[in-house]
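Since every read-out is calculated from the coordinates, none of them should be taken as a lab result. Only a predicted model underlies this, so the values are computations on that prediction, with no experimental measurement involved. No Cβ is skipped: glycine too gets one built from the backbone with ideal geometry, and neighbour counts run over all protein chains shown.
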Amino acid sequence: MDIVFAIATTVVDGHVIERGEHWLRSDPLVRLRPDLFTDDPSVGLSYSTPDAPVFEQATAAPGERRQVRRG
């Protein structure tokens, strides 16, 4: 089974997609909007301890604006 994870909460064609939900890569909705999904399993993870691992996102998510200062 090839699984992908939703990177944002949104609505597509009347279907609500919640951030962190897992979907089959072969699903028609995933094939329609592959930009809304990632293979990264850390998307949407929750922890109950303060020493939870920190995952750094290397690139901006679709529609996200990064504040970068260039010298």
So, over other residues within a Cβ distance under 15 Å of residue 25, counting Lys, Arg +1 and Asp, Glu -1, the net charge is -4
What spacing in nm lies between the two simple spin-label points modelled at residue 38 and residue 18, each 7 Å away from Cα in the Cβ direction?
1.9
Which value, in debye to the nearest 20, describes the size of the charge dipole of the chain about its Cα centre when Lys and Arg Cβ atoms bear +1, Asp and Glu Cβ atoms bear -1, and nothing else is charged?
440
By how many nm would the segment from residue 3 to residue 59 lengthen if fully extended, with 0.36 nm per residue of separation less the alpha-carbon distance?
18.1 nm
For a test of the definition: using alpha carbon positions, the gyration tensor, and the 1.5 limit on a/c, classify the chain as rounded, prolate or oblate.
oblate
Amide H contacts under 5 Å for residue 25, restricted to residues at least 5 apart in sequence or on another chain and with H modeled in the peptide plane, are 2, 3, 4
Theoretical FRET efficiency, 1/(1+(r/R0)^6), r = Cβ-Cβ of residue 10 and residue 70, R0 22 Å, to 0.05:
0.10
